[in-house]
């Protein structure tokens, strides 16, 4: 029997497959942002791999490309796209790989879905090699339209999935929240950026021209993307 969260993501992916002829187009902006932060390595893992879009983009950079997802439908799509994909429920299961195994671990728009974000970050730290790094994205709750929605008395939606309450999002983050969480769990944050999908509009360009890039990252970005390097425990070799 499926757990409540497994049933939710089964429904989300069934709806997504029926709704979208090409599910690989989902999350195009965050995929581009993540790819720009990823270099070469031996092993790569994408948590919440979905249909394998990110994994297929970086396949030429790594000897091995792996993915995990809670959804059976997503895992099958990823396998069909040539990704070594496994199903895992990270609310109850550890990442199904040994310590110090991956050079790069990504989790794009995943952390807001899990029961315990701290546990997820610790698991990412565990499976990264010394000197390895993670790239994580999450919706930006500080986006000005979302702040204004809250001021007007409603909590803003941060998911485009129509199934479930806010597409299954449980947690909400700002860039400072993400930095604090990663640094608390022995990561060194090397880059924080915003993911923006409407930079081509005249109104958007005018706002950025007047208020600057920092305002864009903090208040106009749909999502936050963070790159952070694993820091070893004191007394261990880096």
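The values are calculated or read from the model by the stated rules, or taken from the named source; none is laboratory data. Keep in mind the model is a prediction, meaning the values are calculated, not measured. Here the Cβ is made from the backbone with ideal geometry for all residues, glycine too, and neighbour counts use every protein chain on show.
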Quiz item: Can residue 119 be described as surrounded by fewer than 22 Cβ atoms within 10 Å (Cβ to Cβ) and under 27 Å from residue 184 (Cβ atoms)?
Solution: yes
Exercise. Please specify each residue of the stretch 91-108 satisfying the condition of being within 22 Å of residue 173 (Cα to Cα) and in a loop (DSSP other than H, G, I, E, B).
Key: 91
Self-check item: Condition check for residue 111: within 14 Å of the chain's Cα centre (by Cα), closer than 23 Å to residue 164 by Cβ and part of a loop (DSSP other than H, G, I, E, B)
Solution: yes
Quiz prompt | Leading residue by the ranking (surrounded by the fewest Cβ atoms within 10 Å (Cβ to Cβ)) among those in the stretch 146-189 that are out of contact with any helix residue (DSSP H, G or I) (no Cβ under 9 Å at 6 or more places or on another chain) and modelled with pLDDT under 95 | solution = 165
Quiz prompt | Pair list, Cβ under 9 Å, 6 or more apart: the stretch 115-131 residue over 13 Å from residue 45 (Cβ atoms), other residue assigned to a helix (DSSP H, G or I) and at pLDDT 95 or above | solution = 117/181; 118/181; 118/184; 121/181; 121/182; 121/184
Practice problem: Can you work out which of the residues in the stretch 1-13 that are touching a helix residue (DSSP H, G or I) at 6+ places or on another chain (Cβ under 8 Å) and at pLDDT 85 or above is surrounded by the fewest Cβ atoms within 10 Å (Cβ to Cβ)? | Solution: 10
Quiz prompt | Among residues of the stretch 49-78, those that are touching a residue at least 12 places away in the same chain (Cβ under 8 Å) and surrounded by fewer than 22 Cβ atoms within 10 Å (Cβ to Cβ), counted | solution = 10
Exercise. Identify, from the list 82, 50, the residue that is in contact with a helix residue (DSSP H, G or I) (Cβ under 7 Å, 6 or more places away or on another chain) and within 24 Å of residue 118 (Cα to Cα).
Key: 50
Quiz item: Could you count how many residues in the stretch 72-90 are in a loop (DSSP other than H, G, I, E, B) and modelled with pLDDT of 95 or more?
Solution: 4
Quiz prompt | Residue in the stretch 85-108 that is in contact (Cβ under 8 Å) with a residue 12 or more places away in the chain and farther than 21 Å from residue 136 by Cα present | solution = no
Quiz item: Inside the stretch 45-67, can you point out the residues that are on the phi < 0 side of the Ramachandran plot and not in a strand (DSSP E or B)?
Solution: 49, 51, 53, 54, 55, 56, 57, 58, 59, 60, 61
Self-check item: Matching residues in the stretch 32-44 - criterion: being part of a helix (DSSP H, G or I) and either in contact with a strand residue (DSSP E or B) (Cβ under 7 Å, 6 or more places away or on another chain) or modelled with pLDDT of 95 or more (or both)
Solution: 33, 34, 35
